[in-house]
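Peer 1: Take a look at the following structure, please.
The values are calculated or read from the model by the stated rules, or taken from the named source; none is laboratory data. Owing to the predicted nature of the structure, the values given are computational and were not obtained by experimental measurement. Here the Cβ positions follow ideal geometry from the backbone for every residue, glycine too, while neighbour counts run over all protein chains shown.
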Amino acid sequence: MRITPAQPSDVSKLLAFRSEAAAWLSRRGTDQWQRPYPADKLLDTVEDGTVFMVRDGAATVATITLALGVESGLWTERELSEPSMFISKLSVVRTHAGQNVGGRLLDWAGDRAHRAGATWLRLDAWTTNEDLQAYYLRQGFAHVRTVLDGSAIAGGPRVSGWLAQRPTYLVEHGFVDETPEPERLG
């Protein structure tokens, strides 16, 4: 398997990933990702070079977003002053579930963040999805805190405020990495 930067032509595939994941999550009893994601917002992140795809032969089987920026109101000013990169929108197609593609992708993200000079790989997860939170804990992340207020949606509770982090480090993730070398932080 190889990892590549997402291209604008991948947006429809990324939206399909999210729809598939939302249906699977719904069957598992969680409301995560039930609201459709805006295609134009997704295209912006693809064009920013922060979205990556895992390809297995001709099939695209996973995606992750790895960025410097994060939604405001989650991390403290002190935490934001620490060299960090943030992951989001990790998704693996059901045909490749149970093969540790997600774990390897988290390792790849931590490796890439380390090579960029980040100390921390951080994330915010759905506050009510305890299975997802347990998954991240098994992947070496430590829960920092849960933020329940201050939603970007006026008047509503924050839905993705379970914060976790793990140190970055060089690791063999097993992907053929076809991404450009990350820019150094700072």
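Peer 1: Among the residues of the range 78-121 satisfying the criterion of being of a type in the set (A, V, I, L, M, F, W, C) and part of a strand (DSSP E or B), which is nearest to Pro182 (Cα to Cα)?
Peer 2: Applying the filter and picking the extreme gives Met85.
Peer 1: Follow-up question, since we're still on this one. Scan (1) part of a helix (DSSP H, G or I); (2) of a type in the set (Ser, Thr, Tyr); (3) at pLDDT 75 or above for the single condition Thr4 breaks and write down its number.
Peer 2: Evaluating Thr4 over (1) part of a helix (DSSP H, G or I); (2) of a type in the set (Ser, Thr, Tyr); (3) at pLDDT 75 or above leaves (1) as the failure.
Peer 1: Give me the residue from the range 142-170 that is at pLDDT below 95 and of a type in the set (Val, Ile, Thr) and, out of that set, nearest to Ala62 (Cα to Cα).
Peer 2: It comes out as Val159.
Peer 1: Could you please give the count of residues in the range 61-75 that are over 20 Å from Asp40 (Cα atoms) and surrounded by fewer than 18 Cβ atoms within 10 Å (Cβ to Cβ)?
Peer 2: Residues meeting the conditions: 2.
Per-residue answers, yes or no, for (1) within 21 Å of Val159 (Cβ to Cβ); (2) surrounded by fewer than 18 Cβ atoms within 10 Å (Cβ to Cβ); (3) of a type outside the set (Lys, Arg):
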{"site": "Glu77", "(1), (2), (3)": "no, yes, yes"}
{"site": "Ser81", "(1), (2), (3)": "no, yes, yes"}
{"site": "Ser91", "(1), (2), (3)": "yes, no, yes"}
{"site": "Ala97", "(1), (2), (3)": "no, yes, yes"}
{"site": "Trp108", "(1), (2), (3)": "no, no, yes"}
{"site": "Asp111", "(1), (2), (3)": "no, no, yes"}
{"site": "Ala118", "(1), (2), (3)": "no, no, yes"}
{"site": "Ala125", "(1), (2), (3)": "yes, no, yes"}
{"site": "Asn129", "(1), (2), (3)": "yes, no, yes"}
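Peer 1: Give the residues of the range 84-141 that are acidic (Asp, Glu) and at pLDDT 90 or above, sorted by residue number.
Peer 2: Step one: filter the range 84-141 for residues acidic (Asp, Glu), giving 107, 111, 124, 130-131.
Within the range 84-141, Asp107, Asp111, Asp124 meet the criteria.
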